[in-house]
Amino acid sequence: MSYWFLDPMLKALFPLALSTTVKGLSSVFSTPTLIMGSNVFPEGPVLGPSVVDIWGARCEKKKAFIVTDEAAERFAKIAAKTLEGGGFATEIWNKALPEAPMSNVKEGGDAMTAFAPDLIVAVGGGSVMDGAKAAWIHYERPDIEYLGAISPLETLGLRKKAIFAAVPTTSGTGSECTGVSVLTDEEVHRKIPLANADLLPDFAVLDPAFTVTMPPKLTVGTGLDALSHAVDTVAIVSSNEITDALALASIEMIFKYLPRAYVEGHDREARFRMHVAASTAGIAFGANSTALTHSFGHSLGGLFKIHHGLACGVFIPYNFQFYAKTSDKFLNIARALRVEGETKEETLNNLVDAMRSFFKKLDVPLTLKDMGIPKDEFEEKMDQLVLYAHEDISTFFSPRPITKAQCEQVFRCAYDGKDIDF
Ligand SMILES: [Fe+2]
């Protein structure tokens, strides 16, 4: 199969093209229109223009196709009710599957085509939003047969039929604020990331009421996804002052509010701040990239069916240690978290300890062994684990180049909980 992220030219060009440190190249920084706070989908009239007024002004046909899954359907119904009150015809498609398998998003695209909307609203977690973006491509560009081959440099030309609004019901993926969609090619059990500026939603709606019933485990898993986005974004070579500011603010918020959201799901302030933190990290990495937490996390998550956020998050401390050999950027994260040390080495150790204590507070396993991955299966899949991590596009944004042999070492250290000292 020909994946865009295996093109050597793109791999070499991508980190370079995003880097503001290279003379003659520029970065584009885009965000959706953010609508934040409670009561975004009111039942009655509100002060000032409501979300339906704003969307209605952009949609002539007033036909809204709402993509969701069974877990988030009740929130989709709230959105549908508000939209219908504003004169929209709606259809709820509740068949989005976890990890957005390609056959499932095609099915969503077919349903979208049959309804012919001019507004697509994705209500759900990362898989729903990512799947809805991919279904949107099928709807607008039926000529594209294999989504995994779409280059980030290609102009997709979406929005000729519909605009796109994302309403997250988890706080982690940041998909509501990125042009990224991570799908699963179920035939090869592989995560397929799409990255294209056209996939950036037109609107992101952050309503904490949609997250208060999120179970504690999912709260933590998605929260660690946001944390992985933020720490990667700070670390990578193509970071800049804007992405650093956003990512560091996100890290601070996550350290402060994720434990509160985990312990007390109905803590509305914690839920709102986590929503903001996830979107903030999303804006930051969307303008930039993730790095090795996601290379390893995509590979591990795809091969062992582990939640994306947990699969990425577990690698954060190991990545700090790996990057520290060539980059001091971990000091910025330490400063944001008020972690200190007499020397750089001591600061690094204290930062790793702070991260591990944070994980313990959230009952998150620190090793792959503690995640319940059987040793024999781990060994059996090692070659594939290494290959997928090494080939992942995020690997090319690492502040320290990594060989396949080093990938294997990182996996082995993460399995047993050993510090990375190479
Ligand atoms: Fe992620």
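Tabulated data for the structure shown
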{"read-out": "Nearest-ten-degree value, helix 292-304 long axis tilted from longest Cα axis of the chain", "value": "70"}
{"read-out": "Point-charge dipole on Cβ atoms (K/R +1, D/E -1) for the stretch 192-304, about Cα centre, debye to 20", "value": "340"}
{"read-out": "Length added when fully stretched, THR33-LYS305, from 0.36 nm per residue minus Cα-Cα", "value": "94.6 nm"}
{"read-out": "Principal-axis tilt of helix 404-416 within the chain, Cα atoms, nearest 10 degrees", "value": "90"}
{"read-out": "Where GLU154, GLU391, GLU345 fall by accessible area, highest first, once all protein chains stay in place (1.4 Å)", "value": "GLU345, GLU154, GLU391"}
{"read-out": "Degrees separating the helix 102-115 axis from the principal Cα axis of the chain, which is the longest one", "value": "20"}
{"read-out": "Highest to lowest packing among 377-387, 326-336, scored as the average C-beta count within 10 Å", "value": "326-336, 377-387"}
{"read-out": "Sulfur and carbon atoms: percent of accessible area, the stretch 31-210 [1.4 Å]", "value": "54"}
{"read-out": "Over 24 Å between alpha carbons, listed pairs LYS77/LYS133; LYS11/LYS191; LYS61/LYS160; LYS81/LYS217; LYS305/LYS404; LYS191/LYS361", "value": "LYS81/LYS217; LYS191/LYS361"}
{"read-out": "SER279, SER27, ranked by accessible area, largest first (probe 1.4 Å)", "value": "SER27, SER279"}
{"read-out": "Cα-centre dipole for the stretch 216-416 with unit charges at Cβ (Lys and Arg positive, Asp and Glu negative), debye to 20", "value": "400"}
{"read-out": "Surface accessible to a 1.4 Å probe, per residue, for the residues of the chain, Å²", "value": "40"}
{"read-out": "Separation of the ILE144 and THR343 label points, Cα + 7 Å toward Cβ, nm", "value": "5.1"}
{"read-out": "Cβ charges +1 (Lys, Arg) and -1 (Asp, Glu), total dipole of the stretch 31-210, debye", "value": "360"}
{"read-out": "Three-way shape call for the stretch 67-139 based on the alpha-carbon gyration tensor, with the a/c threshold at 1.5", "value": "oblate"}
{"read-out": "Positive-end residue, the chain charge dipole about Cα centroid, Cβ charges, pick of HIS138, SER398, LEU258", "value": "LEU258"}
{"read-out": "Charge context of THR170, other residues only, Cβ under 13 angstrom, K/R +1, D/E -1", "value": "-3"}
{"read-out": "More than 30 Å apart - percent of Cα-Cα pairs taken over the chain", "value": "38"}
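The values are calculated or read from the model by the stated rules, or taken from the named source; none is laboratory data. Keep in mind that this is a model prediction, so the values were computed, not measured. A quick note on method: Cβ atoms are made from the backbone with ideal geometry, for glycine too, and the neighbour counts reach across all protein chains shown. The accessibility values were calculated without ligands, DNA or RNA, using every heavy atom of the protein model including side chains. Shrake-Rupley method; radii C 1.70, N 1.55, O 1.52, S 1.80 Å.
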